[in-house]
1. Quick check on the chain: of the DSSP beta bridges with both residues there, what percent are antiparallel, nearest 5%?
2. Which whole-number percentage describes the relative contact order of the stretch 6-134, with Cα contacts under 8 Å and a sequence gap of 6 or more?
3. With contacts defined as alpha carbon pairs under 8 Å and 6 or more residues apart, what's the relative contact order of the chain in percent?
4. For the chain, set up a Gaussian network in which alpha carbons nearer than 10 Å are linked by springs, and say which option among 286, 349, 278 fluctuates the most.
5. Please identify, among 277, 190, 53, the residue showing maximal mean-square fluctuation in a Gaussian network model of the chain using a 10 angstrom Cα cutoff.
6. Taking the chain as the reference, fit the longest principal axis to its C-alpha atoms, fit the long axis of helix 202-222 to the helix C-alpha atoms, and give the angle between the two in degrees, 0 to 90, nearest 10.
7. Taking the chain as the reference, fit the longest principal axis to its C-alpha atoms, fit the long axis of helix 161-170 to the helix C-alpha atoms, and give the angle between the two in degrees, 0 to 90, nearest 10.
8. Among (i) 10; (ii) 14; (iii) 48, only one was calculated for this model; which label is it, if the read-out is percent of Cα pairs over 40 Å apart?
């Protein structure tokens, strides 16, 4: 609503118009006038007044027909209408209100009644406009939230949840650009899975993978690791990207131990079915290059670097139930973890021997 409010006075008698214009102007309102119903309809659409004082008895189009047309026009905002007439029988009042009028004034117009009714209608107009504005804001917020949920859902179909949420929160995809950061990388896969998959029925393989993923997936989410990819029975998880975390080594260690125990609980079940399976885990800490790879219709967010290769080689070296890690990572968690130093080992595909440690558990 405007400040000051704009009031449209509609009457075919010039003296009546002038009296109302003077009284309303003295109260600080902006006043526009129309001499008949047709002019009133045009003025309303042109000026969108905040209130209309509308005479009922007019030539061409009477006031009741004017108010009916105004209230039926969905393109117009809410504009209260005070009907003004010399006829104030109950039947006339009912007819005016049924036509869409919001209040009634009788001629000759009492100044006190005019002021009171005008102020009351303008309060209603102001409250209505305020509610409409709140509704528009709420609708916009709901649209934004629905759009964000839809975008997150689409991104989560091929990105880690943290990465999808980070992209939506930032409003752009700069986070996907190549960058260098220190991470903790964790690889795990099932021991004996290759032989198992060569002889087992496809349904048995899928059942085992479903149980395996169902056991370790919630743990990855619990420790907010970024799941890079599935490779059959293998998984790659890294910490400290895209969302930074100061305790990446500690989170990775706790995750690895809980994954080991979760799969350990499945091993007896698998053994009863005749499946000889176990879990090996390898972890390393170091700098990697992270970013988007792929093509227009499909891309992945991944980490590349020596630390990734080292974690993968340590995973390949780990026996069933073992969590092997690099010397650097072992030093980062030595205060919280029970660690056995295994010395240097020549890992497959690595040019030089690497310091290796065995993570046994957490200190009391």
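1. In the chain, approximately 65 percent of DSSP beta bridges are antiparallel ones.
2. 22
3. Worked out over the chain, it gives 11 percent.
4. Sorting by GNM fluctuation, first place goes to 349.
5. The residue that fluctuates most here is 53.
6. Compared with the principal axis, the helix lies near 70 degrees.
7. 40
8. Matching entry in (i) 10; (ii) 14; (iii) 48: (iii).
Just so you know, all these numbers are worked out from the coordinates, no wet-lab data involved. If you're wondering where the values come from, they're calculated on a predicted model, not measured in any experiment.
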